[in-house]
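> So that we are looking at the same thing, I have put the structure below in structure tokens.
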Amino acid sequence: MLKRVPRWAKLIGVVVVLVGLALIPGRAKQQLEVAKEFELTPIVKLPHVGPVDLSINKAVVYLWIATAVIAVAALVINRTLKARPGRFQLAMEGLFELARNGIVGSVMKSGADTWFPYIGAAFVFVLVSNVIGLVPLPFAEHNQLGFYAATANLYVTLTLALFTFAFTHYAGIKKNGPVHYFKNWMPKGAPPVLREFIFVIHGVSEIFRLVSLSVRLFANMVAGHAILAVFFAMALIFQSYLAAAILQGGSAMIYLFEIFVAVIQAFIFAILSAVYIGGALEQEH
Amino acid sequence: MDASAAKLLGAGLSMGLGAIGPGVGLGILIGKALEGIARQPEVSGDIRTNMFIGIGVTEAVALYAFVVALILIFVAK
């Protein structure tokens, strides 16, 4: 039916709708504090144990959800494994292939079998946490629907990066022995004082790997959620239905981009973990 | 200029100036990777993997600027 309408009529219709939206007066100005989306208020108050606050907040709940999703998916795929895979099994096999050959196999030369469980688990956990961050869940203020991701919290990403940091040095020391491992931080041919200096620089760079691994994931997720929140808030700030209609299209585009970012960041986290652990295993002598 | 205005100005400047370098870097990085894939399509898988590693390292620089901007807005007194 719509095909018979000529193009100029459609164009006029669109213009009329846009002008109509522009003419409708906006509602009263509302404030939307973007920063409040990232505040952690305890949902269940629990006592402090020493300096550690055991209260359950949004981030903890999101971690639980991610864990539950992964556990349920793993159990389901384990129970329903078939020789002729269905759609779900094909997707999971694709994920496994990506982690096994795309990430671990392409970067690590030896020790791929030993370290695949950790890197694969980190990849899946970060991926699921990031993607759950894009599902609106009722954990914002007053139980409204809101976006939050466990990985948009520096403590979570720092913990994940600490695992990689610890495993890197554990793997290096176990493979090469403690003396040999730390000796390899210094180049052989360098003069004595320079060698110690290079050793210190190498130590600092190891610490900065930890910082960059955690801050990259954290800042990516925070930036993505902040941009989404700003796009939603702009409709309230401009107080116009026309701006709201256009900006909702913009926020849909940003949302699609954020799905891409969530996958890419999980991939980068896993592949950098593999590069660091692989680098500690294969040292030049 | 009062302190809060200076904080906001500094946050905007840090994000804007901090995005210049990584922007140029990402452009060079992805351009060269595409060039490599166009020349040798058979190694495109390896190039893509290494390109993503490079992207991760490069874009972290812009994200440091973002974190500095966040600190200026919300944490700095």
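The values are calculated or read from the model by the stated rules, or taken from the named source; none is laboratory data. Being a predicted model, the structure only gives us computed values, none of them experimental. Cβ sites come from the backbone with ideal geometry, for glycine too, and all protein chains shown count toward neighbours. The area values use the complete protein model at the heavy-atom level, side chains included, leaving out ligands, DNA and RNA. Shrake-Rupley method; radii C 1.70, N 1.55, O 1.52, S 1.80 Å.
> Set the bar at 21 Å for Cα to Cα. Now go through A:109/A:174; A:109/A:175; A:45/B:77; A:58/B:7 and name every pair that lies beyond it. Display every interim value, and only then the final one.
Working: A:109/A:174 16 Å; A:109/A:175 14 Å; A:45/B:77 29 Å; A:58/B:7 29 Å.
Checking Cα-Cα distances, A:45/B:77; A:58/B:7 exceed 21 Å.
> Which angle between 0 and 90 degrees, to the nearest 10, do you get for helix A:192-238 versus the longest principal axis of chain A when only C-alpha atoms count?
10 degrees
> Restricting to DSSP H runs of at least four residues, report the calculated mean residue ellipticity at 222 nm for chain B, -39500 (n - 2.57) per run over all residues, nearest 500 deg cm²/dmol.
Numbers: 3 runs with 63 residues, N = 77.
That calculation yields -28500 deg cm²/dmol at 222 nm.
> If you don't mind, there's one more thing I want to ask. Could you work out the local net charge near residue A:120, counting Lys and Arg as +1, Asp and Glu as -1, over the other residues with Cβ closer than 15 Å to its Cβ?
Details: positive: A:100; negative: A:93, A:97, A:113.
Result for the neighbourhood of residue A:120: -2.
> To continue, here is another question. So, with +1 on the Cβ of K and R and -1 on the Cβ of D and E, and no other charges, what is the size of the charge dipole of chain A about its Cα centre, to the nearest 20 debye?
Working: 22 positive and 13 negative charges, 180 e Å.
Dipole magnitude for chain A comes out near 860 debye.
> Taking amide hydrogens as modeled 1.01 Å from N in the peptide plane, which residues meet the under 5 Å criterion relative to residue A:146, leaving out close sequence neighbours?
A:137, A:139, A:140
> Let me check the size of the stretch A:202-282 from its C-alpha atoms; what are the radius of gyration and Dmax in Å?
When restricted to the Cα atoms of the stretch A:202-282, Rg and Dmax are 18.2, 60 Å.
> Hey, any idea what the orientation-averaged projected area of the convex hull of the stretch A:89-155's Cα atoms comes to, in nm²?
Working: hull surface 24.3 nm².
Mean projected area of the Cα convex hull: 6.1 nm².
> Angle between the Cα long axis of helix A:7-23 and the longest principal axis of chain A, 0 to 90 degrees, nearest 10?
90 degrees
> While we're on this one: Show A:64, A:8, A:185 ordered by accessible area, largest first, where the area counts protein heavy atoms only and the probe is 1.4 Å. Before the final figure, lay out each step's value.
Numbers: A:64 145, A:8 165, A:185 30 Å².
Correct descending sequence by accessible area is A:8, A:64, A:185.
> Work out the FRET efficiency for residue B:6 and residue A:8 from their Cβ-Cβ distance, taking R0 = 51 Å, and round it to the nearest 0.05.
Numbers: r = 54 Å, r/R0 = 1.05.
Efficiency, rounded to the nearest 0.05: 0.40.
> Roughly how much of residue A:97 is accessible, in Å² to the nearest 10, using a 1.4 Å probe?
For residue A:97, the solvent-accessible surface is approximately 100 Å².
> While we're looking at this one, here's another question. At q = 0.14 Å⁻¹, what log₁₀ I(q)/I(0) does a Debye calculation on the Cα points of the protein assembly as shown give, no solvent, two decimals?
For the protein assembly as shown, the Cα-only Debye profile gives -1.38.
> In addition: Using only the Cα atoms of the stretch B:3-75, what do you get for the radius of gyration and for Dmax, in Å?
Rg, Dmax (Cα atoms, Å): 16.7, 57.
> Hey, how many Å between the Cα centroid of the stretch B:1-30 and the Cα centroid of the stretch A:63-131?
Taking the Cα centre of the stretch A:63-131 as reference, the centre of the stretch B:1-30 is 37 Å away.
> Work out, step by step, the length gained on full extension between residue A:81 and residue A:155: first 0.36 nm times the residue separation, then minus their alpha carbon distance; give nm to one decimal.
On the way: separation 74, 0.36 × 74 = 26.64 nm, distance 3.63 nm.
Residue separation times 0.36 nm, minus the Cα-Cα distance, leaves 23.0 nm.
> Excluding ligands, DNA and RNA, what is the accessible area buried between chains A and B, summed over both sides, using a 1.4 Å probe, to the nearest 100 Å²? Spell out each step's value before the answer.
On the way: alone 17650 and 5370 Å², together 21750 Å².
When A and B are taken together, about 1300 Å² of accessible area is lost.
> Would you rank A:62, A:155 by solvent-accessible area, highest first, keeping every protein chain in place and using a 1.4 Å probe? Intermediate values should be presented prior to the final figure.
Working: A:62 5, A:155 180 Å².
I get A:155, A:62, largest accessible area first.
> At 1.4 Å probe size, with no ligands or nucleic acids counted, give the accessible surface of residue B:7 in Å², nearest ten.
Roll a 1.4 Å probe over it and residue B:7 shows about 60 Å².
> Shifting gears a bit: Working from Cα positions, state the angle (0 to 90°, nearest 10) between the long axis of helix A:241-281 and the longest principal axis of chain A.
Roughly 10 degrees, rounded to the nearest 10.
> Roughly how many Å² of residue A:231 are accessible to a 1.4 Å probe, to the nearest 10?
50 Å²
> Just to make sure I understand: if all protein chains stay in place, what is the order of A:48, A:202, A:225, A:142 by accessible area at 1.4 Å, largest first? Display every interim value, and only then the final one.
Working: A:48 120, A:202 60, A:225 10, A:142 160 Å².
Order by accessible area, largest first: A:142, A:48, A:202, A:225.
> With θ taken as phi - 60° and the coefficients 6.51, -1.76 and 1.60, list the Karplus ³J(HN,Hα) couplings across the stretch A:120-127 in order, rounded to whole Hz; mark glycine and proline as x.
Here the 3J(HN,Hα) series is x, 5, 4, 4, 5, 5, 5, 4 Hz.
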